[in-house]
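J.: Supplied in structure tokens, the structure appears directly below.
The values are calculated or read from the model by the stated rules, or taken from the named source; none is laboratory data. What you are looking at is a predicted structure, and each value in this text was computed from that prediction instead of being measured. Note that each Cβ is placed from the backbone with ideal geometry, even for glycine, and that neighbours are counted across all protein chains shown.
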């Protein structure tokens, strides 16, 4: 494989920072003094490299001018917001009606979403660690693929091809979901979109005369693997717990144990939940692991935010929960965005400017607060590197769980994308079981 372009990108990415003092693939439990991100000190390609590390997320408009396109793609996605047979009509209608309101919200948080900035930073910093601690698959090159905003999955895939991956040159790419908890509406949708563009831009050969056999993969296509969920990884749990402790320290010491912790995650339509989507259970698993890390120091609840439209969604809603607590006299509340890995519209506007503002209007007196998002947390970035290394070391294309579809799933696209990624093989000997 021609590695000149990836290596040029690597050289641009390197910045002078202090080296890690030791390399370890075991999770580091002490973060009193986080090590600085290591500088890339070599331009050598490892025996398994280069490796593209692709961060997948929903994304957000970087400017208010991008809001219309963002909403159009969002409401057109039946995996995220199922609108039934009228999706092609209702999606654009809802998008147009909501655009002015959402543009104002993005204007109120600074003119756009910071999610691209944080995603690119997190991916680049993680790759610096991987280059030092797993040189055999170096250089690790960071990419971001958003589902509804720039850079879109199509743009990311074309960049991979331009950078020397695929099209007869081979290469390894890891699709790393930045939704820690799996949902067909989020990770599933992003994986389906990745599969779609892979089929369009690197279509398998159809020259076989045996129509009973699937088309053979062209030699030199990108070898994909997927990190599809990580809801209870110790590093993720540690990062959340650290931010919660910092938030609790803003309350008087004698009151801290009485503060109620409200974990808030993006809600799902009940039609998706009842289909068997694993997201509610995995979010709950994250909450339990974080509370266990905190020693169950405070009372807590899990609630859900960002409901859209009149259909039934998973509750209780975060805004209603906060208002009900405040009305009952429980004003000391810390909101924790437990399903988000960086700030975006749901934290900076929905929680900070709507939920907390409404609480103060009801008399909360500034005692309803939010724990910081993970953003540039060294603890979190260290966790990302550990998750990636464990995946690369495993030789597995996907987790076993990814091959199990929702019991009520009827999507042929979902079935085909799972088959593709599950059968990428890499170093495994058995194909994934797709049910």
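J.: Of everything in the range 405-416 that's out of contact with any helix residue (DSSP H, G or I) (no Cβ under 9 Å at 6 or more places or on another chain) and not in a helix (DSSP H, G or I), which residue is modelled with the highest pLDDT?
T.: Taking the range 405-416 and keeping what is out of contact with any helix residue (DSSP H, G or I) (no Cβ under 9 Å at 6 or more places or on another chain), we get 407, 410, 412, 415.
So of that shortlist, the ones also not in a helix (DSSP H, G or I) come out as 407, 410.
Values: 407: 90, 410: 85.
Result: 407.
J.: Could you check residue 179 against (1) part of a loop (DSSP other than H, G, I, E, B); (2) out of contact with any helix residue (DSSP H, G or I) (no Cβ under 8 Å at 6 or more places or on another chain); (3) at pLDDT 95 or above and say which number it fails?
T.: Failed condition: (2).
J.: Among (1) free of Cβ contacts under 8 Å to residues at least 60 places away in the same chain; (2) surrounded by 15 or more Cβ atoms within 10 Å (Cβ to Cβ); (3) in contact with a helix residue (DSSP H, G or I) (Cβ under 8 Å, 6 or more places away or on another chain), there is one condition residue 419 misses while meeting the rest; what is its number?
T.: (3)
J.: Next question. Looking at the structure I just gave you, is residue 295 over 19 Å from residue 340 (Cα atoms) and touching a residue at least 12 places away in the same chain (Cβ under 8 Å)?
T.: no
J.: Quickly run through the range 131-147 and pick out the residues that are within 19 Å of the chain's Cα centre (by Cα) and at pLDDT 95 or above. Spell out how you get there, then give the answer.
T.: Within the range 131-147, the first condition is being within 19 Å of the chain's Cα centre (by Cα), and the residues that meet it are 140-147.
The answer is 140, 141, 142, 143, 144, 145, 146.
J.: Can you tell me which residue among 307, 330 is over 25 Å from the mean Cα position of the chain (by Cα) and part of a loop (DSSP other than H, G, I, E, B)?
T.: Values: 307 fails: over 25 Å from the mean Cα position of the chain (by Cα).
Sole residue among the options that is over 25 Å from the mean Cα position of the chain (by Cα) and part of a loop (DSSP other than H, G, I, E, B): 330.
J.: For residue 186, state whether it is under 17 Å from residue 203 (Cα atoms), under 16 Å from the mean Cα position of the chain (by Cα) and surrounded by 22 or more Cβ atoms within 10 Å (Cβ to Cβ). First the steps, then the outcome.
T.: On the way: under 17 Å from residue 203 (Cα atoms): no; under 16 Å from the mean Cα position of the chain (by Cα): yes; surrounded by 22 or more Cβ atoms within 10 Å (Cβ to Cβ): yes.
No, not satisfied.
J.: Please find, among 194, 141, 160, the residue that is farther than 30 Å from residue 272 by Cβ and in a helix (DSSP H, G or I). Steps first, answer last, please.
T.: On the way: 194 fails: farther than 30 Å from residue 272 by Cβ; 141 fails: in a helix (DSSP H, G or I).
Within the list 194, 141, 160, the selection yields 160.
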